[in-house]
């Protein structure tokens with residue numbers, strides 16, 4: 001039986017990954033709590049399949065660099 005761990009996404013510092021994320025444009029990446037990219041793939045499913053401990057990562061999509069994103073809240 002696999003032992004589940006809980007990751008605190010607030011501990012991930014994406015700013016230290018800025019240069020490295022440039023290689024993953026328009027891909028999914030799995031980031032560990034110590035802010036390391038541990039897996040990637042062109043689809044969510046492929047990235048997840050490459051992760052050993054799925055409970056110990058946060059998955060996110062690196063957007064295409066020719067697009068912009070605006071977030072707002074009312």
Top of 57, 48, 38 by mean-square fluctuation, Gaussian network on the chain, Cα under 10 Å:
38
Over the chain, what relative contact order in percent results from Cα pairs under 8 Å that are six or more residues apart?
33 percent
As a Kirkwood estimate from alpha-carbon pairs, the chain has a hydrodynamic radius in angstrom of 13.2 Å
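Each value in this text was obtained by applying a stated rule to the coordinates, not by laboratory testing. Note that the coordinates shown come from a computational prediction; the quantities given were computed from them, not determined experimentally.
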